[in-house]
Amino acid sequence: MIKGQDFRMLPCKLRGIEATVADSAITFGRHTHEQFGLGLMTRGGHRSASGRGTVEAGPGDVITVNPGEVHDGAPIGPKGRSWFMLYLDPAIVAEAAGDIAEKTCRHSEFVSPVVQDRRVAFAVHHLFNAATGAAQCPLQLDEALLSALGPLLQSIPHRLTGIPTAIYKARSMMDEDPASAVSLAVLAQEAGLSRYQFLRAFARQTGLTPHTYLVQRRLRLARQLIRRGMAPAEVAVTCGFADQSHLTRLFVRTYGLTPGTYARAMR
């Protein structure tokens with residue numbers, strides 16, 4: 001645990017869900033998650049710039065984030081804030097969305113980054129408690145999951161990313177091998193643009209600079225390897241970080257946890 005920051009991961013009864021409890025004044029840089037995030041503010045205020053606009057949340061507000069959504073986060077005021085989050089694998093949400101829509105649902109997402117509704121907040125709180133230990137049987141957990149997601153998910157037509165082919169090809173290079181020390185010149189050449197043109201176009205289309213995007217992909221790979229049991233020092237080398245300290249700094253800045261804490265929570 002980092003001094004002055006309280007981030008804890010709790011074991012979950014359902015595979016594919018991660019639970020975090022936090023009380024912190026940390027400011028998160030721009031980052032993404034591969035899962036759906038669903039949580040509740042319990043103290044203080046939180047401000048976030050997300051793909052759905054700049055939002056603020058206070059005690060009792062439900063907060064959400066979609067996979068791949070670029071966002072940051074900062075406390076409102078000097079005393080920090082506290083919250084809890086559930087991170088759900090897309091497959092879990094897709095299955096639930098199909099039940100909620102009563103048909104095959106190709107794509108669903110959270111449409112509101114902040115929801116101020118006591119009934120929804122109660123359902124999210126109940127789901128968190130059920131997922132982290134209160135549920136006595138799978139039926140209870142399934143009920144809690146659907147009750148929480150039902151008011152929040154909205155089915156939308158499948159949308160293309162809108163990213164030009166040239167940018168997509170360069171981004172795919174980083175997706176396929178995030179540990180590689182790729183240069184801006186190589187990425188720009190793949191896209192058929194000058195370095196400056198590529199830098200501007202990539203940031204405009206993805207919301208991140210190429211370097212920030214690459215770091216996010218490395219962190220995502222690091223989480224996957226840690227979950228598989230690889231030691232943090234080996235993960236740092238495998239994922240292209242300078243050393244374990246470099247991995248730790250970026251991991252904490254993005255997730256609030258050290259790689260070691262995350263590894264222990266995954267056992």
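Dipole of the chain, Cα-centred, from +1 at each Lys and Arg C-beta and -1 at each Asp and Glu C-beta, to the nearest 20 debye?
Details: 30 positive and 22 negative charges, 128 e Å.
The calculated dipole for the chain is roughly 620 debye.
Using Cα springs under 10 Å in a Gaussian network model of the chain, which residue among P113, P78, P178 shows the largest mean-square fluctuation?
The residue with the greatest mean-square fluctuation here is P78.
Residue by residue, what Karplus-based ³J(HN,Hα) values in Hz, rounded to whole numbers, does the stretch 45-51 have, using 6.51, -1.76 and 1.60 with θ = phi - 60° and x for Gly and Pro?
Rounded to whole hertz, the list is x, 9, 10, 9, 9, 10, x.
Under a point spin-label approximation (7 Å from Cα along Cα-to-Cβ), what is the R43-S155 distance to one decimal in nm?
Once both label points are built, they end up 4.2 nm from each other.
Between the helical axis of 244-255 and the dominant principal axis of the chain, each derived from Cα atoms, what acute angle in degrees is found, rounded to the nearest 10?
The answer is roughly 50 degrees.
Mind jotting down the three principal axis lengths of the stretch 1-80 based on Cα atoms? Whole angstrom, largest first.
Principal-axis extents of the stretch 1-80 (Cα, largest first): 36, 30, 24 Å.
Per the Kirkwood definition applied to all pairs of different Cα atoms, how many angstroms is the hydrodynamic radius of the chain?
Details: mean 1/r = 0.0510 Å⁻¹.
So the Kirkwood estimate lands at 19.6 Å.
Among V70, M41, A179, pick out the residue whose Cα is farthest towards the positive end of the charge dipole of the chain, where Lys and Arg carry +1 and Asp and Glu carry -1 on C-beta, about the Cα centre.
Value computed over the given set: A179.
Sum up the charges of everything whose Cβ sits under 14 Å from the Cβ of I17, counting Lys and Arg as +1 and Asp and Glu as -1, but leave I17 out. Write out the running numbers ahead of the final one.
Numbers: positive: K13, R15, R227; negative: E18, E34, D89, E95, D142.
That works out to -2.
Give me the percent of the accessible area of the chain that comes from carbon and sulfur atoms, probe 1.4 Å, all protein chains in place. It would help to have the intermediate numbers written out before the result.
Numbers: 7190 of 13780 Å².
Of all accessible area on the chain, carbon and sulfur atoms account for 52 percent.
For the chain, find the longest principal axis of its Cα atoms and tell me its angle to the long axis of helix 210-227, 0 to 90°, nearest 10.
Roughly 50 degrees, rounded to the nearest 10.
One quarter of the convex hull surface, Cα atoms only: what value does that give for the stretch 1-157 in nm²?
Numbers: hull surface 36.0 nm².
For the stretch 1-157, averaging the hull's shadow over all directions gives 9.0 nm².
Express the accessible area of the stretch 196-265 per residue in Å², computed with a 1.4 Å probe while the remaining protein chains stay in the model. It would help to have the intermediate numbers written out before the result.
Values: 3290 Å² over 70 residues.
I get 47 Å² per residue for this part.
Choose one answer from M85, M41, M173: the residue with the largest mean-square fluctuation in a GNM of the chain with alpha-carbon springs under 10 Å.
M173
If you line up the Cα atoms of the stretch 176-267 on their principal axes, what length do they span on each, largest first, in Å?
Principal extents (Cα only, largest first): 45, 21, 19 Å.
Per DSSP H run of n ≥ 4, the term is -39500 (n - 2.57); total these for the chain, divide by its residue number, and report the mean residue ellipticity at 222 nm rounded to 500 deg cm²/dmol.
On the way: 10 runs with 112 residues, N = 267.
Rounded to the nearest 500, it is -13000 deg cm²/dmol.
The values are calculated or read from the model by the stated rules, or taken from the named source; none is laboratory data. The structure displayed is predicted, hence computed values, not measured ones. When we count neighbours, we look across all protein chains shown, and the Cβ atoms used for this are built from the backbone with ideal geometry, even at glycine. Areas reflect the complete protein model, heavy atoms only, side chains present, ligands, DNA and RNA absent. Shrake-Rupley method; radii C 1.70, N 1.55, O 1.52, S 1.80 Å.
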